[in-house]
Amino acid sequence: MRLAFAAVLVAVMAAAAASVAYSMAFDDGSPCPDRQPLFVCPGGAVGASYSIQLQAHGGCTPYKFARTSGSLPPGLSLTSSGLISGTPTAAGTWTPWLQLISHCAGDPTADRQFSFTIDSGLRILTNTLPPGASVSVPYSVTLDVQLVTNLNPPTGSTPNPSSLTWSVISGALPPGLTLSNGVISGTPTTEGSYQFQVQAALDATRKHSQTYSLTVRQPLNIAATKPLATPPLPTAWEVGVPFSAKLTPSGGSATYTFTLKDGTLPTGLALGADGALSGTPRAAGVFRATATLDDNEGRTLDYALNFGVAERLAVSTLALKPGKVGRPYRAKLASTGGLPVKRWKALTALPTGVRLTTALGTLSGKPTKAGNYRVTFQVMDGLKVVAKKTLRIVVAP
């Protein structure tokens, strides 16, 4: 009788085990409802994080899950525990066959076909903002956004920015800037470093955000040392006279570079990257050039360099007219080149009774003594350049 009872018990247990094993199946309600002939899983969007946990019932736990044919959406993967997760990289519909495996050896498997639909996703493609924002200087940047159908490489279409909902979801824009229809614009009012997160949303599921940093600094400025004149006035100089001046920058990032943007400096002068302007002009003329100051954050400022270079100062009088004792004498010394104001001087003795007007270079008076006078004259210009020449004045009796 005991053997008969044992046999019945074994048969009941086997039947129960078989019943449990055959009842093992994917959950037909969550997360992928049964929509015959497919289990339809929640939709996703390209570039948006996706995660679902497959459910099952019956059989022996823990379950194992596997893909037997077909493909999951690119970017998603299935773990043996049934977690499907990742970031979809392409739009479309995929219908893979998934398998449920019981923990008990010898149990049958359950196979069902699933459907995954991935819509185009919204992506803000602008990863960083252009640097160079300055106080009181207008700033504007348009954020590039795309309805992406594939992330490798990003392809898709450009939505109308006004159809999107734009917002700053964390941090704050620099004072003076606003966000509207994907454009950050305005005139910054306060220097500093700002970090903020901008979000664009097409609907409840298709949204994307980017975190940006923007540093606002004081605008670039250039101060010039003498003898450079303040633009647009020209700097007056002279051939053969060494020149040295400095363009001193301020504002911006404090990492500066000067370059010659266009035009021509006087022959013999050169502009250094540090703003030093030096050399010795070798030719007279009018010269116009533009120096550009750049910092390492993209700010730029132009400075006009205008020069009027005169010929080298020289005494141009070739000879002086003779004079006569007791008769009025008048002559004029002349010069070429140089810069105002010019001053004349006699370095040796003039004929008695004759004097020199230093401002005009005129000789006048009544000679009182006959003779042959060799007089060395000097003229000095506004740059303190000196020119000399010895001329003869013959005074007849």
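The values are calculated or read from the model by the stated rules, or taken from the named source; none is laboratory data. All values derive from a computational prediction rather than experimental measurement. Methodologically, a virtual Cβ is constructed for each residue, glycine included, from the backbone with ideal geometry; neighbour enumeration extends over all protein chains shown.
When restricted to residues that are touching a residue at least 60 places away in the same chain (Cβ under 8 Å) and either assigned by TED's automatic domain parsing to the domain that holds Q210 or surrounded by fewer than 19 Cβ atoms within 10 Å (Cβ to Cβ) (or both), region 91-105 contains 1.
Count of region 249-258 residues, restricted to those that are of a type in the set (A, V, I, L, M, F, W, C) and outside any strand (DSSP E or B), is 1. Apart from one condition, P62 fits all of (1) part of a strand (DSSP E or B); (2) at pLDDT below 95; the exception is (1). Flag set for T235, criterion: at pLDDT 95 or above, of a type in the set (V, I, T) and within 25 Å of T292 (Cα to Cα). Among the residues making up region 178-195, those that are in a strand (DSSP E or B), at negative phi and touching a residue at least 40 places away in the same chain (Cβ under 8 Å) are V183, I184, S185.
When region 26-40 is limited to residues that are in contact (Cβ under 8 Å) with a residue 60 or more places away in the chain and assigned to a loop (DSSP other than H, G, I, E, B), the one that is farthest from A56 (Cα to Cα) turns out to be P37.
Can we say S30 is over 48 Å from the mean Cα position of the chain (by Cα), closer than 30 Å to A201 by Cα and at pLDDT below 95? Yes; evaluated as a whole, the condition is true for this residue. Take A359 and decide whether it is of a type outside the set (V, I, T) and exposed (fewer than 14 other Cβ atoms within 10 Å of the Cβ). Yes; evaluated as a whole, the condition is true for this residue.
Listed by first and then second residue, the pairs linking a residue in region 311-340 that is free of Cβ contacts under 8 Å to residues at least 60 places away in the same chain to a residue that is of a type in the set (A, V, I, L, M, F, W, C) and surrounded by fewer than 14 Cβ atoms within 10 Å (Cβ to Cβ), with Cβ atoms under 7 Å apart and 6 or more places separating them unless they lie on different chains, are S316/A334.
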